[in-house]
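**Q** Have a look at this one.
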Amino acid sequence: MENDTTSDYQYDDIQYVMPCEMTNSDMVERSLRFYIHSVICILGFIGNILVIITYAFYKKTKSMTDVYLLNMAIADMIFVVALPLIIYNEYNHWDMGAVACKILRGAYSVNLYSGMLLLACISTDRYIAIVLARRSFRLRSRILLYGRIVCATVWSLALFLSIPTVIYYDRYVPSNDFVGLPDYENNSLIPDESSETDVVCDFKFSDSATAHKMKTLVPSTQLAVGFFLPLLVMGFCYTAVIITLLRANFQKHKAVRVVLAVVAVFIACHLPYNVTLLYNTIVLFKTKLCGEVDTTQLAKTVTETVAYLHCCLNPLLYGFIGVRFRNHFRKIIADLWCMGKRVLNNRGFSRATSEFYISNNRRSVDGYSNENASSFTM
């Protein structure tokens with residue numbers, strides 16, 4: 001049947017099914033991988049490594065928001081390192097093996113859950129700092145004492161939710177039962193040898209019951225924990241923050257714009273992909289025309305790329321938007337410039353001198369910083 005999900009060959013009560021050709025989605029996916037994903041990896045790596053360097057050498061984590069920002073930068077770094085390896089393997093038939101398939105797909109899943117949960121934690125900390133300002137010092141001091149426990153809980157939950165991905169993702173060649181041409185003389189399919197190179201890293205199940213269960217459970221968990229939960233927390237916390245700021249003086253209106261920008265970017269990046277994922281989950285086991293399958297896959301590919309952009313924007317929205325964090329960033333650029341000049345002038349830059357120089361810079365920056373101040377100032 002034209003434009004059906006599959007092409008059927010019928011012979012003596014044996015039906016062989018040919019898969020749909022994903023012409024449009026495959027073409028767009030190849031272009032996105034080469035161009036857009038490369039830009040995402042470069043910008044995401046630069047932005048997040050600067051955040052990590054800032055906290056490692058120039059700025060101590062003085063508040064829970066700082067702790068969350070550092071952990072979120074680490075989570076995004078895991079993603080921008082894993083993404084080019086995933087792209088490489090997809091182009092080279094996953095020649096790094098089944099272990100790499102599980103690790104890389106698992107790394108993406110861990111980043112997804114940990115990043116989203118940390119965004120919810122940041123919004124909660126902002127709510128305590130602004131809405132509960134009278135009690136915020138005591139509350140946030142207590143939370144800071146247990147900061148490592150909070151972050152450890154987030155990472156543990158992310159790892160736990162990623163277990164199905166690690167277990168059921170595998171490297172394999174799709175079965176030839178669904179790829180080939182009919183051999184009418186032998187009442188069988190002639191294997192399509194070209195498909196032997198079409199190695200994939202995807203879900204692989206031993207029985208249909210497990211397949212049905214996990215292919216519903218995994219995207220449903222991703223929607224619930226990886227999008228709707230942080231969206232609800234951010235919506236509640238930032239709505240209360242905006243109401244509180246609007247009751248304050250006029251100078252706080254800039255902070256309202258910052259909050260609106262944070263929420264708008266989150267929704268713009270993640271809502272399209274999660275709507276597509278929700279639709280795909282609902283119609284997953286329904287018969288679809290080939291054109292519909294291609295369009296759905298195309299939408300999923302494009303919206304997933306838009307969601308990837310968030311790892312590049314996180315350092316801008318949550319780090320460099322703060323005045324004190326920008327000052328630390330300027331010191332990094334100045335130090336790198338000075339170190340470059342020293343190298344060009346063939347002057348030795350001993351380890352002791354380097355440590356003394358960085359230590360002095362840290363003291364010079366922290367000297368005017370409030371010990372309890374957060375990078376994400378409003």
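**Q** Six or more apart or on different chains, Cβ atoms under 7 Å: show the pairs whose first residue is in segment 225-248 and closer than 16 Å to I122 by Cα and whose second is basic (K, R).
**A** C237/R126; V241/R126
Residue by residue, here is whether (1) of a type in the set (F, W, Y); (2) surrounded by 17 or more Cβ atoms within 10 Å (Cβ to Cβ) holds:
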residue: I42; (1), (2): no, no
residue: G47; (1), (2): no, yes
residue: T65; (1), (2): no, yes
residue: Y88; (1), (2): yes, no
residue: W94; (1), (2): yes, yes
residue: A107; (1), (2): no, yes
residue: L112; (1), (2): no, yes
residue: I122; (1), (2): no, yes
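**Q** A209 is checked against (1) closer than 19 Å to Y168 by Cα; (2) crowded, with 16+ Cβ neighbours inside 10 Å and fails just one. What number does that condition carry?
**A** (2)
**Q** Continuing with this model, one more query. Checking L70 against (1) modelled with pLDDT under 85; (2) closer than 23 Å to D125 by Cα, which single condition isn't satisfied?
**A** Of everything listed in (1) modelled with pLDDT under 85; (2) closer than 23 Å to D125 by Cα, L70 misses just condition (1).
**Q** Let me spell it out: the conditions are (1) at pLDDT 85 or above; (2) crowded, with 20+ Cβ neighbours inside 10 Å; (3) in contact with a helix residue (DSSP H, G or I) (Cβ under 6 Å, 6 or more places away or on another chain), and K102 meets all of them except one. Which number is the exception?
**A** Checking K102 against (1) at pLDDT 85 or above; (2) crowded, with 20+ Cβ neighbours inside 10 Å; (3) in contact with a helix residue (DSSP H, G or I) (Cβ under 6 Å, 6 or more places away or on another chain), the one that fails is (2).
**Q** Could I ask something else about it? Right, G44: more than 21 Å from V259 (Cβ to Cβ), assigned to a helix (DSSP H, G or I) and not aromatic (F, W, Y) or not?
**A** yes
**Q** Just to be sure before I move on: is Y357 over 26 Å from T124 (Cα atoms) and either of a type in the set (F, W, Y) or modelled with pLDDT under 70 (or both) in the structure I sent?
**A** yes
**Q** Which residues, counting only those in segment 214-238, are among the β-branched types (V, I, T) and within 17 Å of the chain's Cα centre (by Cα)?
**A** Residues satisfying the conditions are V218, T221, V225.
**Q** Can Y318 be described as at pLDDT 75 or above and among the aromatic types (F, W, Y)?
**A** no
**Q** Turning to a different aspect of this structure: Can you go through H212, H253 and tell me which one is at pLDDT below 80 and in a helix (DSSP H, G or I)?
**A** Answer to the check: H253.
**Q** Output the number of residues of segment 64-80 satisfying the condition of being farther than 13 Å from Y308 by Cα and among the β-branched types (V, I, T).
**A** Matching residues across segment 64-80 total 3.
**Q** So, of the residues in segment 151-168 that are more than 13 Å from T221 (Cβ to Cβ) and buried (at least 20 other Cβ atoms within 10 Å of the Cβ), which turns out to be nearest to the chain's Cα centre (by Cα)?
**A** If we take residues in segment 151-168 being more than 13 Å from T221 (Cβ to Cβ) and buried (at least 20 other Cβ atoms within 10 Å of the Cβ), then V154 is nearest to the chain's Cα centre (by Cα).
**Q** Still on this model: Has segment 276-284 got at least one residue that is modelled with pLDDT of 85 or more, buried (at least 18 other Cβ atoms within 10 Å of the Cβ) and β-branched (V, I, T)?
**A** Yes, there is a match, as at least one residue in segment 276-284 is modelled with pLDDT of 85 or more, buried (at least 18 other Cβ atoms within 10 Å of the Cβ) and β-branched (V, I, T).
The values are calculated or read from the model by the stated rules, or taken from the named source; none is laboratory data. Everything quoted here is computed from the prediction, not taken from an experiment. Every residue, glycine as well, gets a Cβ built from its backbone with ideal geometry; the counts of neighbours run over all protein chains shown.
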